Amino acid sequence: MRGSLGVFNLLDLLQLLSQNQSKGCLVVYHPSEREGRVFFEAGRITHVAFGTTTDSDALHAMLKDERGNFEFQPSKAPAKKTIDQAFDNLMLEVIRGLDDGSSTIEKQIPVPEELDTPKILDVARVSALTMSADEFAIVQLIDGERSVVSLSQATSQPLEAVQKTLVRLASMGLLEVNKRKARVARLVLGLSREMTGMQVCVDDVILRAWDRQHGRPVKKVRMRDESGREFIFEAISAPNLGAYALFSNNALTRFNLRAGGNVLLKPEG
């Protein structure tokens, strides 16, 4: 097997060799005149060298600058074995170091948007990963229904941190992200003592997502309460509201709305 990086993705090549339980050496002839060598035995990486750099640092450097030609040399063994780590754990460790936005991996995997819903594709492989506490907190809540912003709110982690974790897992083929169009948000009706008008206040993340998907600012929303009544309100935003839609006491009284009830909101117009 031989070819050119750019046509082939290095991470995909490594994963293919691992899944095929390959034994041998993937040689990368880099235009910098450094030569990369990744040794496999029964699908596990046992040694890596890239110029004078070795092991996880070498893998990081090769994935950071994916250029050159490659060939796989079957049955070729390293002079020494320096890595004794499961393939997925090794790759997750290396990919964590590629979070500055300049790697090919991050450019190929779209950053999930706030309302997108991630789904685990291989539960067994994900369960075998050695994750950080923050990564584990996110992964254990992924159910194919929770949105990216819901994961951020439920774990009290910044949205960007959640997105980076999802990109890492998606790049390893462990997770897919389903795009969610601006449809309906199911929220809990709440009271804001600071509000006095007839607007509805929703999380700024939800409004930004609707703005982006509509290609213009969303100024009004249509709301349906539990009895099926529908109202149109001017929309304002605030941070960290999560699953709440807030109204003033005047609005609750005028429209006979019950705090704590569920409402459905969607962009109007």
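Determine whether segment 214-233 contains at least one residue that is part of a strand (DSSP E or B), in contact with a Lys or Arg (Cβ under 6 Å, 6 or more places away or on another chain) and either in the same structural domain as Gln163 (by TED's automatic domain parsing) or exposed (fewer than 13 other Cβ atoms within 10 Å of the Cβ) (or both). Among the residues of segment 214-233, at least one is part of a strand (DSSP E or B), in contact with a Lys or Arg (Cβ under 6 Å, 6 or more places away or on another chain) and either in the same structural domain as Gln163 (by TED's automatic domain parsing) or exposed (fewer than 13 other Cβ atoms within 10 Å of the Cβ) (or both), which makes the answer yes. For Lys119, the conditions (1) buried (at least 16 other Cβ atoms within 10 Å of the Cβ); (2) modelled with pLDDT of 85 or more all hold with the exception of (1).
Counting the residues of segment 161-213 that are farther than 22 Å from Arg125 by Cα, buried (at least 20 other Cβ atoms within 10 Å of the Cβ) and among the β-branched types (Val, Ile, Thr) gives 4.
Counting residues in segment 8-15 that are modelled with pLDDT under 90, surrounded by 14 or more Cβ atoms within 10 Å (Cβ to Cβ), among the hydrophobic types (A, V, I, L, M, F, W, C) and not assigned by TED's automatic domain parsing to the domain that holds Arg125 gives one or more. Checked against (1) of a type outside the set (Phe, Trp, Tyr); (2) crowded, with 17+ Cβ neighbours inside 10 Å; (3) touching a residue at least 40 places away in the same chain (Cβ under 8 Å); (4) in contact with a helix residue (DSSP H, G or I) (Cβ under 9 Å, 6 or more places away or on another chain), Arg96 passes all but a single condition, namely (2). If the condition is being touching a residue at least 40 places away in the same chain (Cβ under 8 Å) and either in a strand (DSSP E or B) or over 20 Å from Arg125 (Cα atoms) (or both), then segment 11-36 contributes Lys23, Gly24, Cys25, Leu26, Val27, Val28, Tyr29.
The values are calculated or read from the model by the stated rules, or taken from the named source; none is laboratory data. Keep in mind the model is a prediction, meaning the values are calculated, not measured. All Cβ positions, even for glycine, are placed from backbone atoms using ideal geometry, and neighbour counts span all protein chains on display.
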